[in-house]
Amino acid sequence: MIPTVSASGLTLRFGGTRALDDVSVRLAEGVTGLLGPNGAGKTTLLRVLATAVPADRGSFTVLGHDPGTTAGRLDVRRALGYLPQTPGFHQDFSAFEFVDYVAILKELTDRTARHREVRRVLEAVDLSDVRGKRIKRLSGGMRQRVALAAALVGDPGFLVLDEPTVGLDPEQRMRFRELIAQAGEGRTVLLSTHQTEDVAMLCHRVIVMAGGRIRFEGTPAELTDRAAGRVWSSTERDPAARAGWRTGTGAFRNVGDPPEGADLLEPTLEDGYLLTLDGETAEVAA
Amino acid sequence: MRGVAKTLGETSASPSAEADGPPPTHIVARALLRPVWRSLPRWALMTGVVLGLLPAAASRTVSGPPDPWLYLNLLRASALAFALGLAFLLDDPARHTTATVPVRRPVRTGLRLALVVPSMAACWTAALFLEPAKGRPPVGAITLEAAAVMVVALASALVAVRHSDAGEPGIAISAGILGAFFGAALLLPERWELFVGPSDPHWDDAHRRWAGVLVVAALVGALSLAEPLRRRRTTLLAQR
């Protein structure tokens with residue numbers, strides 16, 4: 001793995017809370033998923049790597065640029081596309097005008113080339129037909145795609161996406177997955193999500209965070225393997241299970257340390273994730 | 001999804017800043033003029049302007065001999081209304097979407113200021129001349145008061161943007177300005193008094209204090225323009 005983003009010892013406190021606690025990560029080309037419960041520090045890590053907020057301690061580089069200096073930070077930003085958790089817009093702008101505005105902020109000043117680039121990214125996110133429509137008249141899914149187009153404009157080498165599929169219906173989520181998979185070809189994408197399916201379907205690597213620390217870093221298959229032999233089926237919720245829930249068939253799916261002779265099931269990435277958190281997450285309701 | 005593979009797989013046709021080097025700031029600023037103008041919180045600013053011109057215009061309707069104290073306070077009300085409008089100047093609903101772009105915050109903020117401050121100065125001049133010349137307070141002194149209140153509003157907006165995540169802090173800032181204005185008018189002890197009349201022996205002293213308020217607010221605003229590289233204070237605390 002040739003790292004394009006490399007962070008070491010990132011620490012950030014908000015008051016008495018350590019939002020990031022000595023976090024070191026290395027990202028390479030392709031899509032890396034960032035999983036974790038609420039308050040795990042995912043958004044904070046993304047904001048630090050996107051240079052939106054500085055860390056108290058630690059350092060990182062993006063595509064060889066060090067954001068510790070003004071010039072380095074600007075170089076990082078030139079190589080960066082960022083989709084925040086709650087993207088905001090100037091509602092009276094059209095989709096084209098907004099992405100064009102972001103393109104100027106990314107220093108694309110040649111009008112003809114910039115407009116060509118804006119049309120390219122709007123086509124990429126399938127918004128060409130509504131590019132002249134005001135953002136306030138677009139649906140939530142379309143607005144999310146406008147934000148993705150804004151992140152993609154200028155062809156950044158490092159794309160930071162903070163929960164981009166939240167609030168989207170299943171069809172829109174599938175569209176977004178397709179887009180993110182495409183975006184991951186030839187660039188580094190860091191995708192924060194609560195959806196383990198997103199990670200299973202999109203990511204070649206996955207990082208699990210909890211309490212401001214990295215709990216796991218590896219491939220989705222390796223995360224899934226953590227649950228091998230630790231998922232079983234039963235007719236009642238097994239009190240020994242760390243998590244258990246009734247499935248559509250009426251049987252219980254249990255995750256944890258199985259009893260002798262348990263009816264073992266094929267683990268999923270979600271099972272591996274739950275076991276990695278090891279009780280730090282809320283219990284799954286039966 | 002139509003054309004996704006092709007369009008995202010294509011090499012960007014854009015003039016990459018990496019390839020050609022970053023464009024000069026004045027070129028970026030010129031390209032940003034129109035979108036920044038369109039992104040201004042025009043309703044809030046216009047409301048401030050209209051509410052600011054109303055008290056000055058009202059002085060024309062007052063019958064009887066000119067009342068310098070009334071005229072002075074009507075102009076103070078105008079200045080406050082303009083300042084309340086300016087408190088919204090940095091409101092930016094797209095703040096988080098555009099948080100990590102290479103065009104630096106001072107450039108974007110400077111553009112907003114450059115687009116609005118001359119208009120606000122013109123409106124203040126209009127407010128001054130709306131008042132009858134006879135009974136109008138000394139123009140330099142009242143303009144100093146107005147400038148101080150407006151710079152306090154702008155500095156508050158800059159501080160809010162620098163130290164909070166709020167995209168649109170205008171309402172909170174304007175409430176704070178309003179409170180501070182009336183608090184200063186009602187609660188300041190005599191030796192710190194800011195709101196005195198032209199015939200008051202403390203008029204000059206009060207305006208020295210107004211000048212101090214203006215300078216401090218301008219300094220705080222200028223310091224808040226910068227984007228932090230490191231959170232120095234918390235770094236020191238974290239190392240302890």
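We did not get these values from a lab; they are worked out from the coordinates using the rules stated. Since the model is a prediction, treat every value here as computed from it, not as a measurement. Cβ sites come from the backbone with ideal geometry, for glycine too, and all protein chains shown count toward neighbours.
Summing charges over neighbours of residue A:98, with a neighbour being any other residue whose Cβ is under 12 Å away from its Cβ, gives +4 when K and R count +1 and D and E count -1. Legend: mean number of C-beta atoms from other chains within 10 angstrom of residue C-beta atoms, peptide A:147-156, equals 3. Once the GluC sites (Glu not before Pro) in DSSP loops with at most 16 neighbouring Cβ atoms within 10 Å are cut out of chain B, the longest remaining piece is B:11-192.
Summing charges over neighbours of residue B:169, with a neighbour being any other residue whose Cβ is under 11 Å away from its Cβ, gives -2 when K and R count +1 and D and E count -1. Antiparallel beta bridges, as assigned by DSSP with both residues in the protein assembly as shown, represent about 60 percent of the total such bridges. Distance between the 7 Å Cα→Cβ label points at residue B:141 and residue B:222: 2.8 nm. Among the aspartates and glutamates, which have Cα under 13 Å from the Cα of residue A:133 when same-chain residues fewer than 8 positions away are ignored? List returned: A:92, A:97. Using the empirical formula 2.2 N^0.38 Å as the baseline, the Cα radius of gyration of chain A reaches a ratio of 1.09. The charge dipole of the protein assembly as shown, taken about its Cα centre with unit charges on the Cβ atoms of Lys, Arg (+1), Asp and Glu (-1) only, comes to about 1600 debye.
With the simple model of a label 7 Å out from the Cα in the direction of the Cβ, residue A:249 to residue A:133 spans 4.3 nm. Projecting the Cα atoms of B:224, B:27, B:122 onto the dipole axis of chain B, where Lys and Arg carry +1 and Asp and Glu carry -1 at the beta carbon, places B:27 farthest toward the positive end.
Select from A:35, A:63, A:83 the residue whose mean-square fluctuation is largest in a Gaussian network model of chain A (Cα-Cα springs shorter than 10 Å). Highest fluctuation of the listed residues: A:63. Entry note, chain A: the mean residue ellipticity at 222 nm calculated from DSSP H runs of n ≥ 4, each adding -39500 (n - 2.57), is -9500 deg cm²/dmol after division by the residues and rounding to the nearest 500.
Taking Lys and Arg as +1 and Asp and Glu as -1, the other residues whose beta-carbon sits under 15 Å from that of residue B:93 total +2. Each of the peptides B:68-76, B:130-138 was scored by the mean count of other Cβ atoms within 10 Å over its residues; in descending order, highest first, they stand as B:68-76, B:130-138. Given R₀ = 60 Å, FRET efficiency for residue B:215-residue A:2 by Cβ-Cβ distance, to 0.05? For R0 = 60 Å, the calculated efficiency reads 0.65. FRET efficiency for the residue B:30 to residue A:237 pair, using the beta carbon distance and R₀ = 56 Å, is estimated at 0.25. Relative to the longest principal axis of the Cα atoms of chain B, the long axis of helix B:68-86 lies at roughly 10 degrees. Label positions at residue A:194 and residue A:115, each projected 7 Å from the Cα along the C-beta direction, are separated by 4.2 nm. Set the Förster distance to 51 Å, then compute FRET efficiency between residue B:166 and residue B:69 from the Cβ-Cβ distance, nearest 0.05. The value I calculate is 0.85.
Computed from Cα atoms, the angle from the helix B:203-224 axis to the main principal axis of chain B rounds to 10 degrees.
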